[in-house]
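Remarks on the structure that follows.
The values are calculated or read from the model by the stated rules, or taken from the named source; none is laboratory data. Fair warning: this is a prediction, and the values are worked out from it, not measured in the lab. When we count neighbours, we look across all protein chains shown, and the Cβ atoms used for this are built from the backbone with ideal geometry, even at glycine. All accessible areas refer to the heavy atoms of the entire protein, side chains included, with ligands and DNA or RNA removed. Shrake-Rupley method; radii C 1.70, N 1.55, O 1.52, S 1.80 Å.
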Amino acid sequence: MGKRVGVLMGGWGEEREISLKTGEAVVAALEEQGHTVTRVFAGPGLDRVLRSAEMDMAFLALHGRMGEDGKVQGLLELLELPYTGSGVMASALAMNKPFAKKLFRLHNLPTAPGYRIGRAELPTLQERHGDLGFPCVVKPACGGSSVGLALVNDAETLTSAVAEACRYGGEALVERYVRGREVTVGILGGEVLGSCEISYPREGFDYEAKYKGGARYHLPPRLSPTRLANVEHLALAAWEALGCRGYGRVDLICSDEDNDIVLEVNTLPGLTPMSLLPKIAAQKGITFSQLCERILALATRDEAGVTEAPDMATVQPAPRRAVGG
């Protein structure tokens, strides 16, 4: 039976444009599946909008900070609304790339060496960079859609690239560049859905290549069956290391030295006509509408197991204390 679904789109950050495209595509797909869909444009006052909306669950079409980082998920938990994608903790960990890398290492998952640096630490950048060398990749510590990403080949341009990345959240992640094939693995319902290799005319799958054309996609990736199985195993292990659920994508580099490196986990990947997860699903014979329906069926909330409390939160004045005497 059709459900009342609120599709959350837009948001506060630099990925708003992509989020709106994802949202409109999801709205059309869910309406095709017979659901009653409400567009919910995220922004200041979102809590009031959600309380007034008539919806049984939320389909998150948000990307980046203030949408993919656990904040909106926490609000939905408080409102007791099931939602698509990962929970609060996994969303926050996946969005914070330096913390995600620590967890990857804790689980013996290979990741590129690098360091985190904040805007206030820019004067110490060259010292921090040390012998990491060039080329290196600079990106916002918390972000997605390749916004603020740069491939840096020398010390002269390192400072400007880090300063630019720090514009998006105040911190940057600098990693050693690993040359190889870029592969993304789609995950649905805790299982590998399939994989896609991305190639492009210039080094770096940046925002322009991702959304303005020029990239080429290879489904399946141009890897041996044995190596592809290893890549997909690593992707699922990275997904599980962060405690993710529902659906998502894991990006990796298959280096020229036959080493596979985990880059990051995307807990709310794009669902636009150009997005990678729908391409992977299509390769498996799953239409875009069917993909959205499967994602919706996985909507849930964290099982907090909290003790019972009154339905309405109240504020009571503290008792007066006697003074003197």
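Points worth noting:
- Phi angles of segment 38-50 translate, via the Karplus equation with coefficients 6.51, -1.76, 1.60 and θ = phi - 60°, into HN-Hα couplings of 10, 7, 10, 8, 6, x, x, x, 4, 4, 5, 5, 5 Hz per residue; Gly and Pro are given as x.
- Distant-in-sequence amide H partners of T38 (H built 1.01 Å from N, under 5 Å): V5, G6, V7
- Among the listed pairs K3/K71; K102/K139; K21/K101; K3/K284, those beyond 19 Å (Cα-Cα): K3/K71; K21/K101; K3/K284
- Probe 1.4 Å - accessible area at Y217, Å² to nearest ten: 60
- Each Cα pair under 8 Å and six or more residues apart adds its sequence gap; the mean of these over the residue count of the chain is a relative contact order of 19 percent.
- With each label modelled as a point 7 angstrom along the Cα→C-beta vector, the A155-E24 pair spans 4.8 nm.
- Shape class of the chain from the alpha-carbon gyration tensor: oblate, with a/c at 1.5 or above and b/c at least as large as a/b.
- Virtual paramagnetic centre 7 Å along Cα→Cβ of Y217, amide N under 13 Å, in segment 252-279: 270-279
- Taking all protein chains together and a 1.4 Å probe, the residues L151, L268 rank L151, L268 from largest to smallest accessible area.
- Rounded percent of accessible protein surface that carbon and sulfur make up, the chain, 1.4 Å probe: 51
- L149 long-range amide H proximity, modeled H, under 5 Å: Y207
- To the nearest 10, the accessible area of H129 is 10 Å² with a 1.4 Å probe.
- Whole-Hz ³J(HN,Hα) from phi, Karplus 6.51 cos²θ - 1.76 cosθ + 1.60, for segment 231-244, glycine and proline x: 4, 5, 5, 4, 4, 5, 5, 5, 4, 6, 4, 8, x, 6
- Residue ranking by accessible heavy-atom surface, 1.4 Å probe, largest first, among R116, R294 comes out as R294, R116.
- Net length gained if the chain between F99 and R39 were fully extended (0.36 nm per residue, minus Cα distance): 18.3 nm
- Candidate aspartates and glutamates - alpha carbon under 12 Å from K279, same-chain residues fewer than 8 apart omitted: E197
- Once the Cβ-Cβ distance of D56 and R294 is raised to the sixth power relative to R0 = 22 Å, the FRET efficiency obtained is 0.80.
- The chain: antiparallel DSSP beta bridges as a percent of all, rounded to 5: 75
- Averaged over its residues, the chain has an accessible area of 49 Å² per residue, based on protein heavy atoms and a 1.4 Å probe.
- Estimated vicinal HN-Hα couplings, Hz - segment 53-62 in sequence order (Karplus 6.51, -1.76, 1.60; Gly, Pro = x): 6, 8, 8, 8, 7, 10, 9, 7, 10, 8
- Here's how it looks for Y247: its modeled amide H is under 5 Å from those of G85, S86, G189, which are all 5 or more places away or on a different chain.
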